[in-house]
Amino acid sequence: MTVPKLEDELENLRPVVVVDDSNSAEKPNLKGDWLNFFLLLLLYTMQGVPFGLALVMPIILQSKKNVSYKDQAIFSLVVWPESLKLIWAPLVDALYVQKMGRRKSWLIPVQYLMGACLIYMASNIDEWLPETRKPDILKLVYSFFCMGMLAATLDIVVDGWSLTMLKRNNVGYASTCNSTGLVMGIMISYIFSIFFTSEDFSNKYLRFRPDVGGVFTMNSLLYAWGVLFILITTLIAIFKKERDNRLEDDHVKLNIVQNYSLIWDILKLPGIKLLALTLLTAKIGFAATDSLAILKLIDAGVPKDNVMFIQTPLFVVKMFLPLVVAKYTSGPKPMNVYLTATPFRLLLNISFGVFIYYTPTLIITNGFVNIPMYYYALLIFLVSIQDILDNIMRVALLSFFSRISDSRFGGTYMSLLGTLSSLGGAWSSSVTIGMVDFLTFKQCSLDHQNSCSTANLKNMCKTIGGDCVVIVNGYYVETAVCTIIGIIWFCIFRKILNNIQTKGRSYWLVDIKRPR
């Protein structure tokens, strides 16, 4: 990769004053842009595969009774690369081979590395995730963290490319490609990882005769993903030519130091300051439900495969939902959709809390799990509403990011906004999972002085024939606290978001002053 020379930069760069906003008023029209639209959709779908693998792993771990919430909290660190990508986003914007293309210079090698990473994981997954012994949490975290860093880098590249690959009046569709593509990738990896590796599911629905193991093993599945990544990347490298960014009217070259200082320039914008505070706190209200609800259902006795089977059809809904809401989110006020959905998601906190509380009563009869159909109907309803609202809010937020981002520094600008949003979700999720055991209080049924707070105390309770009974469940405490914080957040930030989304494109441009 090459770094543009400073002398060339000083010759080409000039003070930025006002940028014509006229294009932003044009109506979206994908005529002539359909191939680019589908390529973006494919690139985001490929991103969704590693995200889906990381998403499904906590559910696989939770189904193994020897995995604690402390282990889950440690594994939740694998989502942090998405929140830390701003550290290397300026490098992605500044370093590239001009002949190869500003975005392809990173896309091609990183996707090849992703393929190699998946193949390496395939060769070790049986050791890290054994059938009987306790999983090797740390090695799983290391490998998934590395895969997350590669996926986060791809996110920087594709987000930046989407601002120039599509015409200016079509950039609102970038959020549609993002949401739909990611969901497609997550769904595909989700289905294969849960169902096609399940012996019960394979024997019941996929085989004529029962056999041992699933149709695929996790080993073969990861290997197949790795080979597919390498194949698709090769085709993109050969057949897709990137537009020369030097031909753009507002083209600006920055070196590495200037790209890092650009982050500070963006953060100094008044609108970004308010938006940063908003994004870092936006997901507190939903943290308990988003992070723990499914895990608590599995703890309560609902089979893992059944929970996943219920969620699978929702992926199809989430794939096409962005296309349906695109006409509302691609307009000048996409955050109206986000704000409308927020109160309903807060109400779902209470609904899930009540539902999980009564789950043992509804599904356990005479000590055996016997789940009635009406229970599944209620579960499908709640999960559907939660996923649909979450996806609508995500599309609205991404559309807003695409609309306000300065395309001259698309990778860094979009990465900053994405980092702030991801960081808001990552820290609230990690804290929520990590605190649930701390906020849960137990007591031995035959010795009320025994709090069952340590392994020794639990063993003492079992020795005398007692059981450790939950007196206060941390999940319900967190649900109540998160809901209250969410209501306060909505009252404070509703006016702020309504105000900043009305600002024109020039309000979000970075004014970079340099010598002529």
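Side notes on the structure shown:
- Pairs exceeding 27 Å between alpha-carbon atoms, taken from LYS139/LYS241; LYS240/LYS283; LYS167/LYS333; LYS134/LYS318; LYS304/LYS442; LYS283/LYS458: LYS139/LYS241; LYS240/LYS283; LYS134/LYS318; LYS283/LYS458.
- Residue-level accessible surface for TYR358, protein heavy atoms, 1.4 Å, Å²: 120
- When a 1.4 Å probe is rolled over the protein heavy atoms, the share of accessible surface on segment 380-516 that falls to carbon and sulfur comes to 64 percent.
- What the chain shows is 46 Å² of accessible area per residue, with the surface traced by a 1.4 Å probe over protein heavy atoms.
- Gyration tensor verdict on the chain (Cα atoms; rounded if a/c is under 1.5, prolate if a/b is larger than b/c, oblate otherwise): prolate
- With Cα atoms, 0 to 90° folded angle of helix 410-436 axis to the chain main axis: 10
- In terms of its C-alpha gyration tensor, segment 77-187 has a prolate overall shape, because the principal axis ratio a/c (a ≥ b ≥ c, square roots of the eigenvalues) is not below 1.5 and a/b outweighs b/c.
- 19 Å tail of the calculated P(r), segment 155-212, as % of Cα pairs: 52
- Coupling constants for segment 335-345 follow from the phi torsions by the Karplus curve (6.51 cos²θ - 1.76 cosθ + 1.60, θ = phi - 60°), and in residue order they are 6, 4, 5, 4, 5, 5, 7, 4, x, 5, 5 Hz; glycine and proline get x.
- Euclidean distance between Cα centres, segment 322-375 to segment 62-114, Å: 29
- Helix axis angle, 104-128 relative to the chain longest principal axis, alpha carbon, degrees: 10
- Ligands, DNA and RNA left out, the 1.4 Å accessible surface of segment 70-164 is 69% carbon and sulfur atoms.
- Residue-level accessible surface for CYS146, protein heavy atoms, 1.4 Å, Å²: 70
- Accessible-area composition of segment 191-241, carbon plus sulfur, in percent [1.4 Å probe]: 66
The values are calculated or read from the model by the stated rules, or taken from the named source; none is laboratory data. What you see is a predicted model, and the numbers here were worked out from it, not measured in a lab. We work out accessible area using only protein heavy atoms, side chains counted, and drop any ligands, DNA or RNA first. Shrake-Rupley method; radii C 1.70, N 1.55, O 1.52, S 1.80 Å.
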